[in-house]
Amino acid sequence: MSNIYLGYHFTIEPKEMGSEILIAELGELPFESFVETDFGVTAYIQKNLWHEGLLDDLFVLQSGEFTASYTVEEIEQVNWNEAWEKNFDPIDVDGICHIRAPFHPKTDAPYDIVIEPKMSFGTGHHETTHMMIQHLLEMDVQGKATLDMGCGTAILAILASMKGADPIDAIDIDHWCYLNSIENAERNQIHNINVYEGDASMLVDQKYDLIIANINRNILLNDMARYVACMNPGSTLLLSGFYDEDIPAIDACCTELGLTYVKKFERNKWVSLKYVN
């Protein structure tokens, strides 16, 4: 007998940030898969795992910071592979880095990365991941000890490894991301990424030449001092996961900790900043 699923179709404004937060929240509940839509997110849960009040504590629905609503439909069976294949197109970044799913053909791009994100964040479609890839493509990371903080699918750690960074630590607090990062590293035959499940409290006595942190404004501000404490002289810090209007707060924090601003990328109001110490 096939499982019966419920499909929750969420409409969210503003969409980008709201969808990102909502997926993170629903990932803590028994939802199994997410598809970003033109209006927000569709999330799937087995009907027998649903209960009254399941969504009562969702920040996106309750905070007033977002306009959000949803409809629900009952679905007899969900073919996750089919849904995944329909909703993931290959990504090309500046003709140099090609990101694809396992079912897409290989290309002759200098950096051809295979990602199967499952429930993890970081396919390259999102503006923040795209900009972090742009930063990495411009940099010489050969032999640099690297940290990918909030690694998601480990796509950034994988690219850094392909460009010669070594050794590499990848950390994410989400268990799905931890497992998916290990899988994606193996899928790309990358063997120098150490994946850990946890948060910035794990950063004790480590030293890095490059730190990549694509998370969100509040976590970055909270953990920035820990990142800087781990930076070797002349190290680089790449940041993203926030909007243009968040730059003053991020920049003030980085400047106070002794970092020097170098460069900014911007895509659809999302930004990515580069600092050195």
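Each value in this text was obtained by applying a stated rule to the coordinates, not by laboratory testing. Keep in mind it's a predicted model, so treat the numbers as computed, not measured.
Results, tabulated for the structure shown:
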item	result
Rounded tilt (10° steps) of 247-256 against the dominant C-alpha axis of the chain	40 degrees
For region 90-237, diffusion coefficient by Stokes-Einstein and Kirkwood Rh (Cα), 37 °C, 0.692 mPa s, µm²/s	217 µm²/s
Computed over region 153-210, Cα set: Rg, Dmax in Å	11.0, 30
Gain in span if fully extended, residue 65 to residue 96, counting 0.36 nm per residue against the direct Cα distance	7.3 nm
Equivalent ellipsoid dimensions for the chain as semi-axes, Å, which come from the Cα gyration tensor, largest first	32, 22, 17
Exceeding the 28 Å Cα-Cα cut-off - candidates 15/47; 106/163; 163/207; 144/269; 47/269; 106/274	144/269; 47/269; 106/274
Full-stretch length increase - residue 57, residue 218 - with 0.36 nm per residue and alpha-carbon distance subtracted	56.0 nm
On Cα atoms only, tilt of 15-26 relative to the major axis of the chain in degrees	70 degrees
Structure-based [θ]222 nm, the chain - -39500 (n - 2.57) summed over DSSP H runs of at least 4, per residue, nearest 500	-8500 deg cm²/dmol
At q = 0.17, 0.18 Å⁻¹, base-10 log of I(q)/I(0) for region 184-277 (Debye sum, equal scatterers on each alpha carbon)	-0.78, -0.86
Angle between the chain longest axis and helix 217-229 axis [Cα atoms, degrees, rounded to 10]	30 degrees
